[in-house]
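The values are calculated or read from the model by the stated rules, or taken from the named source; none is laboratory data. Quantities reported herein were computed from a predicted structural model and do not represent experimental measurements. Cβ: placed from backbone, ideal geometry, glycine included. Neighbour counts: every protein chain shown. Side chains included, ligands, DNA and RNA excluded: accessible areas come from the protein's heavy atoms. Shrake-Rupley method; radii C 1.70, N 1.55, O 1.52, S 1.80 Å.
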Amino acid sequence: MIFRRLKSTPIEERSEEMQAWIRMFILMLVSAYAIGASIITSPEQRIQPWAIEVLTYFACYAPVAAGQLYLIIRFPGHYPARRIFGMINDFAGLGFALIAGGAAMLPTYAIIMWVTVGNGLRYGSRYMIIAGVMVQFTLAVITALTPYWRANPILVFTLSLTTLIVPIYIQTLLRDIEQARRAAEEANTAKSRFLAQASHDLRQPVHAIGLFLNSLTQTGLAPEQRTIVDRIDRSLQGVAELFRSLLDISTLDSGAVTPKLEPVAIAQLFRMLEQQNQVSAQWAGVDLRFVASRRIVLADRALLLTMLQNLVSNAIKYAPRGPVLVGCRPRGDNVSIWVVDRGPGIAAEHLPRLYDEFYQIRKLGSADMQGVGLGLSIVKRLGALMGLDAEIRSTPGRGTGVAIHGLAAAAALPLRTVGRNTSYAVPLHGLRILLVEDDIDVLDATADLLRTWGADVTAWSTVPPHAQPCDLIVTDFDIGGGRTGADCIALHRDQQPPPMAIVMTGHDEIAIEESIADARVLILKKPVQPAELRSAIAALRSRRG
């Protein structure tokens, strides 16, 4: 019970509480030793008077220690006076035991060293210095009041020197460890910034290439040319998945991900996954199926979708030309979502390491696979943020199943629902779209794409000076000149009815959602596939009715 409570307590508060529990343990340990030492050193094999004095002192001190433990639990936090009060009482009690017991209690000096070092390690260098001063004062008092110590000056000098050198040495090690920790944190932060910036900067050209490829397919290509374009598109999607993984891992490393739990319809997630993965499943010859479900769970929509997208992508990648089934089932009071394939399976010795970053199963002569081994690590870390567990079951030759456990069932319908008719085949004739994108190539390619779908497009490379008549805004987030897609949306907010909006970005979508602060706006991560964009437009139109 104690250890389970400590495990859920913040580290700093846990350290002080653990020190308080150790104090209670030391009281019992020294008391037991005093009884044993007095009996062993007594000719009559009886408890000596000095031991009774020690036990009496500790009996009086025990309620004080218990009260301090209660205050730490009841009022957690950093209170220097409370910590110093505890240290004073610790050294006073141990000093009294050494004064009363003389030579018989000398081994308890090891506990004095334990308390000195323990306070420094738990609370930091300042408390190590304070403890060092206190222990020198304690030794001086013991020497002045104990004949045995005065008769052994070399022993006193040795103990005093030990209590001086050991904390100083530990303090030096702590300083070196702290410097190494800071250097590691700075390197990790720099790595995360590099990954995020590189992923963002490369997403834009990949996004543009995807749009141009789609435009190229509509120019009457010969069969051989269309085959080449399809292969380019397939390779491009692999690069896009890599960028998504890099951005996800860099966002997690930054510590900026905070789950926002809300009711989420499983059916809606499955429809989105089906739309996002139908092309890659066709390329891989995978029969991708989703089991219909009416369940509603409490989760962060974007994080859960990212977790499932990683699992489905892995299943398609590692189990080609076979069936992949996605469904959910009850597990106690909660709901689990499973992604099951009939691929080659995974050997048991690899299972414990599959959640490690960049871990991939490589065999001599095996075919190269796209990706860098981040998918399951992202699933594990995102799940931990929402209190969810991931489980992998695999049998070589039969397939693999990966589950997300711990999804709490929700009774209420989600606030943001998408109708069933979200097919990207819905025509856009008569739909007035305001397109805002600062990259001219991307602007032209996106405008051409939307016009081929029948939309009436007004294209701007910056935020328009005044509101434009439109039914839908499709905008990049970073527009240049200190303006963002949020500014463009805000400019049209007073229009009746307010236009629908889609923001396409290479940044972390959670941060973008917080910046826009409008649940009606859809966020798409670049590079965006044409089918994904058209599905998003159809979803918004279906939502509006």
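A few points about this structure:
- Highest average packing first - 279-287, 325-333, Cβ atoms within 10 Å: 279-287, 325-333
- Carbon and sulfur %, accessible surface of segment 24-97 computed with the full protein complex present, 1.4 Å: 75 percent
- Solvent exposure of segment 126-167 amounts to 57 Å² per residue of accessible area, where only protein heavy atoms count and the probe is 1.4 Å.
- For the pair segment 318-356 / segment 101-150, the C-alpha centres are spaced 57 Å from each other.
- When the alpha carbon gyration tensor of segment 425-501 is reduced to an equivalent ellipsoid, the three semi-axes, largest first, read 19, 16, 8 Å.
- Sequence ranges 42-49, 134-141, ranked by mean other-Cβ count within 10 angstrom, highest first: 134-141, 42-49
- Within the accessible area of segment 433-522 (1.4 Å probe), percent carbon and sulfur: 49 percent
- Charge dipole of segment 490-536 about the Cα centre (unit charges at C-beta), most positive-ward option of LEU533, ILE502, HIS492: LEU533
- Each of VAL135, MET87, SER215 was placed along the dipole of segment 83-216 (beta-carbon charges, centred on the mean Cα), and the one lying farthest toward the positive end is SER215.
- Under the convention that each Lys and Arg Cβ holds +1 and each Asp and Glu Cβ holds -1, the size of the dipole of segment 255-346 around its Cα centre is about 140 debye.
- Listed peptides 50-62, 204-216, 161-173 by packing density, highest first (mean Cβ within 10 Å): 204-216, 50-62, 161-173
- Label-point separation, ALA110 to ILE440 (7 Å along Cα→Cβ), nm: 8.0 nm
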